[in-house]
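The values are calculated or read from the model by the stated rules, or taken from the named source; none is laboratory data. All of these numbers come straight from a predicted model, not from anything done at the bench. In this analysis, Cβ positions are derived from the backbone assuming ideal geometry, glycine residues included, and neighbour counts consider all displayed protein chains. These area figures cover heavy atoms from the full protein model, side chains too; ligands, DNA and RNA do not enter into them. Shrake-Rupley method; radii C 1.70, N 1.55, O 1.52, S 1.80 Å.
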Amino acid sequence: MRSKVSVVVLATFMASCTATNQMNAFLDAETAKLVVFSDDFESGLGKWTQSGSAAWTTGTPAANGVALISPTSASANTFTISTVNNIDLTSKSNCRLQYDVRYSFSGTAGVFGQILFAGNVVGEFKNTSTAAALNSAGVFVTRTTPLPAVSGKIAIVTAVATSTTADVRIDNITLGCGNVQSSPYTLTLDNFEGGAGNWTLNSNWALTAAVGVGGSNAIKATNGFANSPMIATYQPNINLQGRAGCTLKYYYSQVGSSQGINSIDLYVNGLNIRKDFASVASLNVSQFLTIFETNSTNSLYFACNIPANNGQTAPCTIDNVILSCQQ
């Protein structure tokens, strides 16, 4: 019979092995992480090159120390700052860009702020079509977004119209790879195969067969005369609290819209964040929702805009509305 002492020793040994294995697994995971690029701007802007009529600077307030500060201008201008060198992610996986940002934008269409990687918009604080003022309530907020496995530069772009402002401050940029992939949070808002019960549709919209992607169901709005805009609202409000890296995808078509002024507009929280004109008859859209991350109640609706008295009965179609967040 095994003695009590030997049982205790064996249990202690097994517990020790378990702890060791857990520690090794943790160290392996940490070792697999690779910081590819970082800058807290404490040493100036030596890693960056910029364009525009005014200079990006560093200063306070910052998340800590000093931050990158966008230029200001009394006239319409676009200002860009980008990394001097390309950052090659082609042989890496699970790469993420994280940064702290504080922003305040004038309430004018054309004023915008974006962060890009390899020419892809990976963060947006205000887009060109949004006419309302937007700000982060005077505080720095942390943003995290996945990056494609390509080679390119990080770029930050702000634009101002005449007598407007776009105050963007960025701090603590880190681009890391080999991150543990978090469980995806994907809310499929609708592919309309089960009906349109998640939507409030005005009288012009209806669930319609064979007009969506691949001949599937979709919602479709048609005006018989001047009756615009036509609104389709998702219900209920969308909770993005605690989420990051959120993207809204959907398919639209404007069948028979011969006039380029016709449009399908996306509104989130009452802000017109995207406008697609009939000059592009159909498109699979992928729209970042960076400015609405962490909000607990977000409204979403589509507006089909057919100008009055243009003699058209052109329909708008929406299908495959999908909201995904990285965390």
Residues that are closer than 30 Å to PHE112 by Cβ and at pLDDT 95 or above, drawn from the range 168-199: VAL168, ARG169, ILE170, ASP171, ASN172, ILE173, THR174, LEU175, GLY176, CYS177, TRP199
Some residue of the range 131-140 being under 22 Å from CYS325 (Cα atoms) and open to solvent by 30 Å² or more (accessible area, probe 1.4 Å): yes
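For every residue, the table says whether it meets (1) touching a residue at least 60 places away in the same chain (Cβ under 8 Å); (2) closer than 25 Å to CYS246 by Cβ; (3) assigned to a loop (DSSP other than H, G, I, E, B); (4) hydroxyl-bearing (Ser, Thr, Tyr).
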residue	(1), (2), (3), (4)
PRO71	yes, no, yes, no
SER75	yes, no, yes, yes
PHE79	yes, no, no, no
SER82	yes, yes, no, yes
SER91	no, no, yes, yes
ASP100	yes, yes, no, no
SER104	yes, yes, no, yes
GLY107	no, yes, yes, no
GLY110	no, yes, yes, no
Candidates SER279, SER296, filtered to the one that is touching a residue at least 24 places away in the same chain (Cβ under 8 Å) and part of a loop (DSSP other than H, G, I, E, B): SER296
Residue satisfying all of: in the range 240-268; open to solvent by 30 Å² or more (accessible area, probe 1.4 Å) and either among the small types (Gly, Ala, Ser) or modelled with pLDDT of 90 or more (or both); farthest from GLN326 (Cα to Cα) among these: SER258
Enumeration of residues in the range 36-53 that are part of a loop (DSSP other than H, G, I, E, B) and open to solvent by 30 Å² or more (accessible area, probe 1.4 Å): ASP40, GLU42, SER43, LEU45, GLY46, LYS47, GLY52, SER53
The lone exception for THR78 - which of (1) open to solvent by 50 Å² or more (accessible area, probe 1.4 Å); (2) of a type outside the set (Lys, Arg); (3) within 14 Å of ILE173 (Cα to Cα) it fails: (3)
